[in-house]
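A short worksheet on the structure shown next.
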Amino acid sequence: MTKHDETFVPVGTSLLFENEMIRIWEVKLEPGERLGLHHHEYPYVVVSIEHGENRIRNQDGSVKDTVEPPGHWVVRPAGEIHDLSNVGSTRYINRLIELKYAPPVSADASISHLQRELNVGNAAPDLHELLIDAEGMEWRAKSLPGLYEKRLWSDERSGASISLVKFERGSGIPQPHKHASNQFMYCLSGRYEYQHSGLVLLPGHFYCNPKGAVHGPSVALEDSVLLEAYDGPHYPERPSWYTDEKDAH
């Protein structure tokens with residue numbers, strides 16, 4: 001902790017999950033509400049859940065206004081210090097994912113030091129600012145009938161990825177299985193059931209399956225869209241239900 005850290009608020013309003021690789025926050029701001037000055041010690045990803053018209057005020061006094069409809073997201077480097085205000089007329093909600101496997105950057109670090117840290121071949125991906133209009137992307141059909149994907153971000157070195165996945169009603173993963181890394185899912189729409197346990201993901205539900213834990217089979221009780229993230233490779237080897245190798249990554 002630096003001498004400045006005690007003046008900062010957390011980077012989100014609610015902590016949803018944390019392990020040694022990532023930290024997932026919810027940011028929820030009503031119209032006119034402000035998240036105070038905070039320091040991003042790790043690179044991070046922001047995914048908009050509910051529409052936001054926001055104002056970012058940096059520590060140097062500069063201001064940036066953003067419009068963040070559902071499905072838009074941005075990847076940001078470590079080291080940023082700013083606050084966030086909802087200047088719109090509706091509630092704003094996002095998911096903020098900190099990438100803890102990257103080297104942390106203290107509040108005292110300079111921008112030039114930050115750039116050196118991100119480009120010396122550490123385990124962290126070469127992150128840069130990224131904004132994707134997910135609504136404008138085409139769904140890619142996977143080799144499992146009824147399953148579609150929009151790949152939003154991936155890191156070839158670690159195998160980590162974040163995608164939107166869509167299951168048509170009645171489709172799902174047909175067999176019990178395990179993953180080669182931690183799996184995280186956030187349900188945006190529909191009803192998606194893990195049949196071995198009876199867990200049903202509904203809109204607003206967050207789900208985590210730890211690395212190596214067996215779950216499934218699963219089925220979409222109605223058309224379902226989920227935000228899915230892995231902090232490493234998806235599977236130890238290609239599952240039998242995929243005929244295309246790239247679908248297992």
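The values are calculated or read from the model by the stated rules, or taken from the named source; none is laboratory data. Note that this is a predicted model, so its numbers are computed, not measured. No Cβ is skipped: glycine too gets one built from the backbone with ideal geometry, and neighbour counts run over all protein chains shown.
Of the residues that make up segment 218-233, is at least one buried (at least 17 other Cβ atoms within 10 Å of the Cβ), more than 26 Å from TYR44 (Cβ to Cβ) and acidic (Asp, Glu)? No, segment 218-233 contains no residue that is buried (at least 17 other Cβ atoms within 10 Å of the Cβ), more than 26 Å from TYR44 (Cβ to Cβ) and acidic (Asp, Glu). The residues of segment 178-191 that are more than 15 Å from ALA220 (Cα to Cα) and either of a type in the set (Gly, Ala, Ser) or buried (at least 19 other Cβ atoms within 10 Å of the Cβ) (or both), listed by number, are HIS179, ALA180, SER181, ASN182, GLN183, PHE184. A single member of GLU41, GLU20 is in contact (Cβ under 8 Å) with a residue 60 or more places away in the chain, part of a loop (DSSP other than H, G, I, E, B) and surrounded by fewer than 19 Cβ atoms within 10 Å (Cβ to Cβ), and it is GLU20. Could you tell me whether any residue of segment 81-88 is free of Cβ contacts under 8 Å to residues at least 60 places away in the same chain, assigned to a loop (DSSP other than H, G, I, E, B), farther than 20 Å from CYS208 by Cα and more than 19 Å from the chain's Cα centre (by Cα)? Yes; the residues of segment 81-88 include at least one that is free of Cβ contacts under 8 Å to residues at least 60 places away in the same chain, assigned to a loop (DSSP other than H, G, I, E, B), farther than 20 Å from CYS208 by Cα and more than 19 Å from the chain's Cα centre (by Cα).
Could you check, for segment 170-184, whether at least one of its residues is of a type in the set (Phe, Trp, Tyr) and within 24 Å of HIS51 (Cβ to Cβ)? Within segment 170-184, one or more residues are of a type in the set (Phe, Trp, Tyr) and within 24 Å of HIS51 (Cβ to Cβ).
Are any of the residues in segment 67-75 at pLDDT below 95, more than 11 Å from the chain's Cα centre (by Cα) and in a strand (DSSP E or B)? Scanning segment 67-75, I find at least one residue that is at pLDDT below 95, more than 11 Å from the chain's Cα centre (by Cα) and in a strand (DSSP E or B), so the answer is yes.
Can you find a residue in segment 152-171 that is buried (at least 17 other Cβ atoms within 10 Å of the Cβ) and over 28 Å from VAL46 (Cβ atoms)? Yes, the conditions are met somewhere in segment 152-171.
In segment 56-70, the residues that are closer than 27 Å to ALA134 by Cβ reach residues that are small (Gly, Ala, Ser) and assigned to a loop (DSSP other than H, G, I, E, B) with C-beta atoms within less than 9 angstrom, at least six apart or across chains, in these pairs: ILE56/SER62; VAL67/GLY88.
For segment 133-151, give me each residue that is of a type in the set (Asp, Glu) and exposed (fewer than 14 other Cβ atoms within 10 Å of the Cβ). Within segment 133-151, ASP133, GLU135, GLU138 qualify. Whenever a residue of segment 199-216 is on the phi > 0 side of the Ramachandran plot and surrounded by 13 or more Cβ atoms within 10 Å (Cβ to Cβ), its partners that are among the basic types (Lys, Arg) and modelled with pLDDT of 90 or more, lying with C-beta atoms within less than 9 angstrom and at least six residues away or across chains, give the pairs GLY216/LYS178.
With a cut-off of at least 3 residues that are outside the structural domain of LEU99 (by TED's automatic domain parsing) and either within 19 Å of PRO236 (Cβ to Cβ) or touching a Pro at 6+ places or on another chain (Cβ under 8 Å) (or both), name the strands (runs of 3 or more DSSP E) lying wholly within segment 142-220. Please lay out each step first, then the result.
Working: elements: 147-154, 161-167, 183-194, 199-201, 206-209.
Qualifying strands (runs of 3 or more DSSP E): 183-194.
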